[in-house]
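Trainee: I'd like to ask you about the structure that follows.
What follows is calculated from the coordinates using simple rules that are stated; it is not laboratory data. These numbers were taken from a predicted model, which means no experiment stands behind them. Here the Cβ is made from the backbone with ideal geometry for all residues, glycine too, and neighbour counts use every protein chain on show.
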Amino acid sequence: MSTAVTATFDADRPWRLHERVALRPEPFGALAYHYGNRRLTFLRSPDLVTVVEGLEAAPDARHAFAAAGLDERRWPSFEKALTSLAAGSFIVPKDPS
């Protein structure tokens, strides 16, 4: 049995989608399935899907928010969503430290 290390989300760090996570587009946003821990979660917003898909190319999550065209007033709600995704290991820090 493997143990997963859960990172604390920090919007000023670089993040990426976990390599064992698949996103399936849906009208409401997307389904995310983690093949490692067998968890399924709903990304209930197309904007959240855009942010998650943009994390890999962004130097940090805040840049991903900006690249997705999100109004800064909405950023706290997206930080909360990404905190949940990090807790479930759907997203992980780009650097292993």
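Trainee: Just rank LEU17, LEU55, fewest to most, by other beta-carbon atoms within 10 angstrom.
Mentor: So the residues, fewest neighbours to most, are LEU17, LEU55.
Trainee: Could you work out the longest stretch of the chain that avoids the GluC sites (Glu not before Pro) located in DSSP loops with at most 14 other Cβ atoms within 10 Å?
Mentor: 57-97
Trainee: Moving on. Ignoring everything except DSSP H segments at least 4 long, calculate the 222 nm mean residue ellipticity for the chain; use -39,500 (n - 2.57) per segment, divide by total residues, nearest 500.
Mentor: My calculation for the chain gives -8500 deg cm²/dmol from helical runs alone.
Trainee: Let me ask something else about it. Would you order VAL92, VAL51 from fewest to most other beta-carbon atoms within 10 Å of each residue's own beta-carbon?
Mentor: Lowest to highest Cβ neighbour count: VAL92, VAL51.
Trainee: Sequence-distant or interchain residues sharing an amide H contact under 5 Å with ILE91, placed H: which?
Mentor: Hits under the 5 Å cutoff: HIS18, ALA86.
Trainee: Can you give the local net charge around ASP12? Use residues other than it whose beta-carbon is closer than 10 angstrom to its beta-carbon, Lys and Arg +1, Asp and Glu -1.
Mentor: 0
Trainee: Which order results if THR83, THR50 are arranged by neighbouring Cβ count within 10 Å, fewest first?
Mentor: THR83, THR50
Trainee: Another question about this same structure. Which ³J(HN,Hα) values in Hz, rounded to whole numbers, follow from the phi angles of region 30-40 under the Karplus curve 6.51 cos²θ - 1.76 cosθ + 1.60, where θ = phi - 60° and Gly and Pro get x?
Mentor: With the stated coefficients, region 30-40 comes to 6, 9, 10, 10, 9, 6, x, 10, 6, 8, 10 Hz.
Trainee: Using +1 on the beta carbon of Lys and Arg, -1 on that of Asp and Glu, and nothing else charged, what's the dipole of the chain about the Cα centre, debye to 20?
Mentor: I would put it at about 360 debye.
Trainee: Pick out, in residue order, every one of the chymotrypsin sites (Phe, Trp or Tyr not before Pro) in the chain that is DSSP loop and has at most 15 other C-beta atoms within 10 Å; say none if there are none.
Mentor: When the chymotrypsin sites (Phe, Trp or Tyr not before Pro) of the chain are filtered for loop state and at most 15 Cβ neighbours within 10 Å, PHE28, TYR35 remain.
Trainee: What per residue convex hull volume, in Å³, comes out for the chain when only alpha-carbon positions are used?
Mentor: Convex hull of Cα atoms, per residue: 88 Å³.
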